[in-house]
Structures are given as C-alpha cells and as structure tokens.
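Q: Dropping the structure in here first, questions after.
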Amino acid sequence: MTMILQDINIGTNLQKLRKAQSLTQEQVCAQMAILGRPMSRSTYSQIEIGKRNIFASDLITLKKIFKTSYDELFKGLIPINKYENENKE
C-alpha cells in the first residue's frame, strides 16, 4: 500500500471538513470501516494533528465520506520547497 507522507499537515483540512458535517472522529472511523478501510479513532486523531501519515486509500475513502473534492482536501496547502534551505547555505 502507498502511504502519503505528510510533509505538510493535511489533517487541519480533514478536521475542518469533519466538523463542517458535524461528525465525530468515531463516526468518521465507523464510516471508514463500513467502506472497507477500518481505522481506530486514535490513528485518525494522529492524522488530524499531523503526527501520522495517511494511506492513499484512506484519503480516497475520506473524500467519499466528506463528499468533497481533492481540491478541498488540499485547500490552502503550499508544497514545501525542498531546495529552499540548500540555496541559503
């Protein structure tokens, strides 16, 4: 399985989308399990706060649960320029 490494925190957007639909973390995890991607509330919480990476399959499932687009999932996130620090040295 492919994991998406969080170099920027997508969890903030996940949390906003979840709260906009008045869902608890437990409810999101229950829906994920129904869709074949079981996840503990603890794991989901760590994703929301940016302490855990997310599987691409879980991201696809969350897109379905939140009835949103990938644009909304990644809204406001700016890619980190990995060469930026190298040029300053």
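Q: Being farther than 12 Å from residue 17 by Cβ, modelled with pLDDT under 95 and not hydrophobic (A, V, I, L, M, F, W, C): is that true of residue 38 here?
A: The answer is no for residue 38.
Q: Shifting gears a bit: Step by step: first the residues of segment 48-58, then only those that are closer than 15 Å to residue 28 by Cα and out of contact with any Leu (no Cβ under 7 Å at 6 or more places or on another chain), then the one that is most open to solvent (accessible area, probe 1.4 Å). Which residue is that?
A: Only one residue fits best here, namely 57.
Q: Say we look at segment 19-46 and pick out the residues that are open to solvent by 70 Å² or more (accessible area, probe 1.4 Å) and of a type in the set (Gly, Ala, Ser); which of these is nearest to residue 9 (Cα to Cα)?
A: Checking each candidate, the answer is 20.
Q: Are any residues in segment 59-85 open to solvent by 100 Å² or more (accessible area, probe 1.4 Å), modelled with pLDDT under 80 and in a helix (DSSP H, G or I), and if so, which ones?
A: Selection gives 85 alone.
Q: Which residue pairs have Cβ atoms under 8 Å apart, sit 6 or more places apart or on different chains, and have a first residue in segment 47-70 that is under 10 Å from residue 11 (Cα atoms) and a second that is open to solvent by 80 Å² or more (accessible area, probe 1.4 Å)?
A: Once the first residue is under 10 Å from residue 11 (Cα atoms) and sits in segment 47-70, its partners that are open to solvent by 80 Å² or more (accessible area, probe 1.4 Å) give 53/3; 53/5; 54/3.
The values are calculated or read from the model by the stated rules, or taken from the named source; none is laboratory data. Fair warning: this is a prediction, and the values are worked out from it, not measured in the lab. Every residue, glycine as well, gets a Cβ built from its backbone with ideal geometry; the counts of neighbours run over all protein chains shown. For the accessible areas, the whole protein counts, side chains as well, though only heavy atoms, and no ligand, DNA or RNA atoms are used. Shrake-Rupley method; radii C 1.70, N 1.55, O 1.52, S 1.80 Å.
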